């Protein structure tokens, strides 16, 4: 079976990708490409498939201007074509698990009874206490899987991204009204096209040597 995407193409785009410091505010991502990026978020993997997240696409220019101030005045937030805020669903519990079970039954057409053991396993997971487990910290780790998926798909489409933890999550929550929805901002990722004068675009990518980070046993 042939690879659906050539390996050299993948590596070329991953080398092309960088954390964009300056976006061209005049260029917009096409509706077709943006639909692909949104679908990539939906298709992101998560532990148990529980998807403990919400992705907020911020389209209102005035809101994005407010978010600049909550992002250490980083202009990418306002200048990029699109802006995604990655938020966890706080304190997911058995009800979230049961919603997921309902969705499995709906999509796969399988009997609910056959999912009972899986349901109980997930219930036990989200209810864990006393062993250092924090369900919100676990959810946060899942968010980074989705962020990586989003950035990689964007690179394959020739779209630039700028993953950002340099934000004030509490201010984001207030501006976007997330607290009342049981959500909490973790990070953000503007997406669009690099400005022609962004000097960082031409800098060689610096990574440790292969043998320094990959071990074969």
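The values are calculated or read from the model by the stated rules, or taken from the named source; none is laboratory data. This is a predicted model, so every value here is computed, not measured. Ideal geometry is used to build each Cβ from the backbone, glycine not excepted, and the neighbour counts take in all protein chains shown.
Out of contact with any strand residue (DSSP E or B) (no Cβ under 9 Å at 6 or more places or on another chain), under 20 Å from residue 82 (Cα atoms) and surrounded by 10 or more Cβ atoms within 10 Å (Cβ to Cβ): which single residue out of 151, 122, 164, 156 fits that description? Within the list 151, 122, 164, 156, the selection yields 156.
Of the helices (runs of 4 or more DSSP H) lying entirely inside region 6-103, those carrying at least 2 residues that are surrounded by 15 or more Cβ atoms within 10 Å (Cβ to Cβ) and at pLDDT 95 or above are 31-42, 61-69, 76-79.
Counting only residues that are closer than 16 Å to residue 78 by Cα and in contact with a strand residue (DSSP E or B) (Cβ under 8 Å, 6 or more places away or on another chain), how many does region 26-37 have?
Keep residues of region 26-37 that are closer than 16 Å to residue 78 by Cα, which gives 26-29.
Then drop every residue that is not in contact with a strand residue (DSSP E or B) (Cβ under 8 Å, 6 or more places away or on another chain), which leaves 27-29.
Total meeting the criteria: 3.
Within region 176-183, is there a residue that is surrounded by 13 or more Cβ atoms within 10 Å (Cβ to Cβ), out of contact with any helix residue (DSSP H, G or I) (no Cβ under 9 Å at 6 or more places or on another chain) and either modelled with pLDDT of 95 or more or within 26 Å of residue 34 (Cα to Cα) (or both)? Yes - at least one qualifying residue is present in region 176-183. Scan region 188-206 residue by residue and report those that are part of a helix (DSSP H, G or I) and under 21 Å from residue 153 (Cβ atoms). Of everything in region 188-206, just one residue is part of a helix (DSSP H, G or I) and under 21 Å from residue 153 (Cβ atoms), namely 201.
Considering only residues in region 126-148 that are in contact with a strand residue (DSSP E or B) (Cβ under 7 Å, 6 or more places away or on another chain) and closer than 30 Å to residue 27 by Cβ, the one that is surrounded by the fewest Cβ atoms within 10 Å (Cβ to Cβ) turns out to be 143.
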